[in-house]
Structure formats: structure tokens, C-alpha cells
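Rule-based calculations on the coordinates, nothing more; no lab input. In this text, all values refer to a predicted model and were calculated from it rather than measured experimentally. Counting neighbours? That spans all protein chains shown, and the Cβs are built from the backbone with ideal geometry, glycine included.
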Amino acid sequence: IDSQQDPPYQISTFNGPWQISLRDIDPSFLLRTDQYKLPSDIPFQNNIANFNNWFNYKPNIDYSNWVYELKDISEIKNLIICHDDNGEDWFALGGTINTQFTIDENSDLKLNNFKINIILNSYLLPIDKLDTAKKIINEEDFAESHFLTYQPDIDNVFLGEYPWSKSFADINTPYFYHNGWVDIDNAGTKIILANDKYSNFEESHFELINEVKSLNLPSKYLVDKMRIKLNACNGLFYNTDDNLIAFDTTLFNIPSPNLVLFKKEFFLDFLKDNNLSILFTLLGNKTNLSKKNCSIFKRQIFQGILYFNQNGCLVDELKTKLLTSSDNESLK
């Protein structure tokens, strides 16, 4: 017997077609191109400025050191807490911010094309563990961390099946980056991701789906504990009193950050009733592309946490590393 031969394949139970990628259309995804309108329940019909034109080019700013600067990244706090048309506040629990712009075409070729990509996630944790968690998470490399989860896509699960179905239960495991409560110091400091993400089936050839390719969602933990429900498979979540609680800004169907918003009033009440706190994490980069060959000229990677201090103010802690064609500095 050859001792070097491959071990036998592990036998697993077949539960459904989602396990072998046989699904290519989501019949429960009801955002259609035909006569699609902005849902009237979303209270951002007019106050769209919170999301539109983020990080756009401004002619009165010197962009020669743009990659080095982090002031605009710190201002993302203005997106995490935003106001609707009625003056009420919402949290951005998680999602992505991707944008790029070009300045004066006649300028130096190396100072022409700018791009920024940000991944935002949030974690729930016991309120008395916040200081400990801040220290532990700040010491992590977010891109390599074993307990921080980024882009937790739901693969081959219909939107209408979230988060109650057998198909979702099959992927709601650490193997698919759904870690549940994680003890980050093996001493009882536990955190759980507060947001999830549905990815639309882009292989459909029927052209029924509009430009929305994915939706950020409140996590299963929040859905279950707050007893909120997805209404009509359109990405809107309501509580038991039929109040709109959460939705993804993609539903604006205009260029905007891809973030899931949660009504601040209800969220803070939930945190208080359950002795929980919330901590936000940022992972992203700023790049300056060469106009000549579209290669990266300079890139700054940044990561950080945001949390509420004792005065209820949202503060951030960021650290960076700058990369150029010959630069490979470590986080500082």
C-alpha cells in the first residue's frame, strides 16, 4: 500500500442544489428593472447628500499628497451616523465604499487618477469588554486576522431564504466565514459580526434584475434577537410594529456607498437592553494610479476602529502603511 497516496474523500450529506452551485436565478429577488421605483418607506427621498459624491474631486484642493492624508478617511464618521428626511439618525452597520476620480487631464501624469476602497464592518460585544476588545483588535492585521470576517457573502442562498432556511443553515458556519460568537482572547472577550451580505446571481440571462448586484443585511443574530423580518424580499427589514428598521443604501438605485443602515433609536435600545456595545472596523486603501499605464504609483493601506466614547461621541483610531513601487513599510 502506497503510504503517500491521497486520503479518501470525506463523505458529506447532500442537502440541496445550493451546495453544488446549481442555482443561477433567484426568484425571490424582487428588485426588477421594469417600473422599479424607490420604496416610499425609505425616508431618504430628499436627503441624499449624505451618500452622493463621496470623495469626489474638488478643484480647490491640492492632491499632491492625497495618498498620504487620512483626514478624509476620518470623516467617514459622517457616513456611519446619518440623518434622514425626518431628522432621525441611522447607523451604517457595514458594507463597502468604492470610488475613483480624475483631476486636471493636463497635470502631471502621476497625479491624475485616484481611487479609494473601504470595507466597513461592525461587531457586537458585551459592554464591559469594549476596552479589552479595542486593544486586541487594534493589534490585529485586519486582512489576515483569524477572527475578523470581511465580505461575509451568502453564497447560493436566495434572498427570501435569509436567515431561516436549510440552505442558509448549511453556510452559516465558520467554513463560510460565519463565525458566530468568537472568543478573541480565550478569556471570555466575545464578539459577533453585526452585518451579513447577500450576493445576487449574476449568471442570469433573463435581464430581469436591475443594477443591484448585492445587498448588505443585518446579521442573523440581530434578525433573531430583535425579531425583525424581511418584507416582500426587497431588502427592507421591519420590526413587529411594522416600523422600517434596516435597509441597504443600494436601494437608492443611484451611485452611493453600498451600506446597510439601521435605525439608531431601535438599535441603541437593543444594545442597552442586552448590555451590549458596538465596535466598527475599517479596512481600505487609497491609490494614485499612473495615467500612462494605469499602474499603481502610490498606495496607502489603512485600518482602524471606531467606537462610542463615554460622552456618546463616535471616535476613530487609524493606522497605516504606505506602499510605492519601492516602498514596503510596515504598519506604524
Output ordering of 156-166, 134-144 (per-residue mean of other Cβ within 10 Å, highest first) is 156-166, 134-144
In the neighbourhood of Gly87 defined by beta carbon distances under 15 Å, the net charge of the other residues (Lys, Arg +1; Asp, Glu -1) is -3
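Starting with the highest mean, order 244-251, 300-307, 270-277 by the number of other Cβ atoms within 10 Å, averaged over the residues of each peptide. Can you show the working numbers first?
Numbers: 244-251: 24.1, 300-307: 20.9, 270-277: 14.1.
Per-residue mean Cβ counts within 10 Å order the peptides as 244-251, 300-307, 270-277.
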Pseudo-spin-label distance Lys166 to Asp153, built 7 Å along Cα→Cβ, given in nm, is 2.5
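Measure up Lys197/Lys264; Lys166/Lys264; Lys77/Lys263; Lys220/Lys286 against 22 Å on the Cα-Cα distance and list the ones that go over.
Too far apart for the 22 Å limit: Lys166/Lys264; Lys220/Lys286.
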For Ser74 and Glu317, extending 7 Å from Cα along the Cα-Cβ vector and measuring point to point gives, in nm, a value of 1.6
Here, Gln100 and Lys134, labelled 7 Å along Cα→Cβ, have an inter-label distance in nm of 3.7
Per the 1/(1 + (r/R0)^6) rule, R0 = 35 Å and r from the Cβ atoms of Ile192 and Asp241, FRET efficiency to 0.05 is 0.90
In whole angstrom, the spacing between the Cα centers of segment 54-86 and segment 116-180 equals 26
